[in-house]
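Chemist: Pasting a structure below so you can have a look.
The values are calculated or read from the model by the stated rules, or taken from the named source; none is laboratory data. Predicted model only: the values in this text are computed from it and were never measured. All Cβ positions, glycine included, derive from the backbone under ideal geometry; neighbour counts span all protein chains shown.
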């Protein structure tokens, strides 16, 4: 059966939930449905494992009955069963415990189906979703909403000029503001945190800023990659899948400790938020004020492998593009994508910020009104600008030579991953080819 044939089978024979005259619930679904639910991580692992074990046991019993029938063709079905299971006899304590456990798991699975049937049914009966973005090559690229990417582009500059303010007892916030487009727009970044004193808040803030420009930028991009693959900006995802997206070249397994640490970083990423405010100038000379809250993502609904909130988190609910309120339709970049190479996530954490900027700048230039920019496959960047985007401003202040060398190393690694095709230094500029 081909993949297309399997899709037709699933869609033409949808799963069913039925109730008899007494109100007892019965389910009807195929092995393809079960496989699909398992792929999507919709069923707790221990229930899936029990179903596989039960299927293997039934297959073994069927094989033994068939062999017994071949040896004793005239024996009745009851006789064959008694022979295979050595009946009648008293069950051992282990066998009794096994039967009780199987019955408990079957009841748990039945209740799980009742509680989650609508989601399970939709997962295998809804029509295929359209790609999130039309201007993205789904084989080699994934898209990030330009409206959000344009704000994220200012993060290095904002953090370089951020300050830490106290807003309550043991409550602080990292805050920075930047005027855009001749001061018609103001972009604000804020990130709340807790600390025992101003001094400790400053130390914690430095750690947060470093992670935002490295690991957490990479995690944010991994979320967008996953969203593109499943064609949804709100989704439930196993944490391990995001870890694999972040580190696609890693061969070894992730430990439980690494998984918990990754989830904690993801949970803290939700605290980072931009606010864009300004005025829309109308043709009649009047203006309209606007203000958009733009979180990098929302994280909620963490559940364990057993389908409950107990124990280490296994899956989380993530929402991207959670802008409030949504920009008006005339905001042309509202749901247009900035394409990113999938190989971006093969870079080390602290290279992802520069790679993100270079790809976003390419998209900004190609979507502008200047036809000359669209025709030129390269762009000249001031070294100071790339130093900032590469999060090397501090290094540049103390040792410019080392900062320039590290910038060239980052560009070399971006070239290896085909983020850029080439680059060269021209006096105080670096020419980058795409």
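Chemist: Mind listing whichever residues of region 233-274 are part of a loop (DSSP other than H, G, I, E, B) and closer than 30 Å to residue 177 by Cα?
Modeler: 233, 270, 271, 272
Chemist: Among the listed residues 256, 205, 195, 201, identify the single one that is at pLDDT 95 or above and surrounded by fewer than 19 Cβ atoms within 10 Å (Cβ to Cβ).
Modeler: It is 195.
Chemist: Determine whether residue 80 is touching a helix residue (DSSP H, G or I) at 6+ places or on another chain (Cβ under 7 Å), modelled with pLDDT under 80, farther than 29 Å from residue 119 by Cβ and part of a helix (DSSP H, G or I).
Modeler: When the stated conditions are applied, residue 80 passes them.
Chemist: Moving on to the next point. Can you tell me how many residues within region 156-172 are out of contact with any helix residue (DSSP H, G or I) (no Cβ under 9 Å at 6 or more places or on another chain) and buried (at least 16 other Cβ atoms within 10 Å of the Cβ)?
Modeler: Qualifying residue count for the region: 1.
Chemist: Could you please let me know if residue 115 is at pLDDT below 85 and part of a helix (DSSP H, G or I)?
Modeler: yes
Chemist: Now for a different question. Within region 85-102, can one find any residue that is under 27 Å from residue 18 (Cβ atoms), in contact with a helix residue (DSSP H, G or I) (Cβ under 9 Å, 6 or more places away or on another chain) and surrounded by 10 or more Cβ atoms within 10 Å (Cβ to Cβ)?
Modeler: yes
Chemist: Would you mention how many residues in region 12-37 are over 29 Å from residue 230 (Cβ atoms) and either in contact with a helix residue (DSSP H, G or I) (Cβ under 8 Å, 6 or more places away or on another chain) or not in a strand (DSSP E or B) (or both)?
Modeler: 6
Rundown of residues vs (1) exposed (fewer than 14 other Cβ atoms within 10 Å of the Cβ); (2) at pLDDT 80 or above, yes/no style:
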site: 1; (1), (2): yes, no
site: 13; (1), (2): no, no
site: 16; (1), (2): yes, yes
site: 26; (1), (2): yes, yes
site: 29; (1), (2): no, yes
site: 32; (1), (2): no, yes
site: 55; (1), (2): yes, yes
site: 58; (1), (2): yes, yes
site: 65; (1), (2): no, yes
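Chemist: Of (1) over 44 Å from the mean Cα position of the chain (by Cα); (2) in contact (Cβ under 8 Å) with a residue 60 or more places away in the chain, residue 93 satisfies all except one. Which?
Modeler: Among (1) over 44 Å from the mean Cα position of the chain (by Cα); (2) in contact (Cβ under 8 Å) with a residue 60 or more places away in the chain, the lone unmet condition for residue 93 is (2).
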